[in-house]
């Protein structure tokens, strides 16, 4: 059993189907309520998250915590919003002018 919230960092995270999602890099904490709101997962599995982008997994999606974290829910695939790549390209072009 975990004794401190910081012990989440470094744990591997798996979906409810047993697919590796990534590793906990940081915690999202509500300081007013002293509660963990989510887990920041970096270097995610490209089969689950487009371009292996980091994601914030809400704490309510966690099913079990032990040597690993097992989620009770995760979408089949997380994709970038349409237009966000175009906005980044436009921003890059503006900065380089």
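The values are calculated or read from the model by the stated rules, or taken from the named source; none is laboratory data. Since the structure is predicted, the reported quantities are computational estimates derived from the model, not experimental observations. Here Cβ is always computed from backbone atoms with ideal geometry, including for glycine, and neighbour counts include all displayed protein chains.
Of note:
- Scanning the stretch 27-48 for residues that are surrounded by 14 or more Cβ atoms within 10 Å (Cβ to Cβ) and under 9 Å from the mean Cα position of the chain (by Cα) yields 38, 39, 40, 41, 44.
- Counted as qualifying within the stretch 1-71 are the strands (runs of 3 or more DSSP E) with 3 or more residues that are in contact with a strand residue (DSSP E or B) (Cβ under 6 Å, 6 or more places away or on another chain) and either free of Cβ contacts under 8 Å to residues at least 12 places away in the same chain or under 25 Å from residue 81 (Cβ atoms) (or both), namely 20-30, 35-42, 55-58.
- Residue within the stretch 74-97 that is modelled with pLDDT of 95 or more, touching a strand residue (DSSP E or B) at 6+ places or on another chain (Cβ under 8 Å) and assigned to a strand (DSSP E or B) present: no
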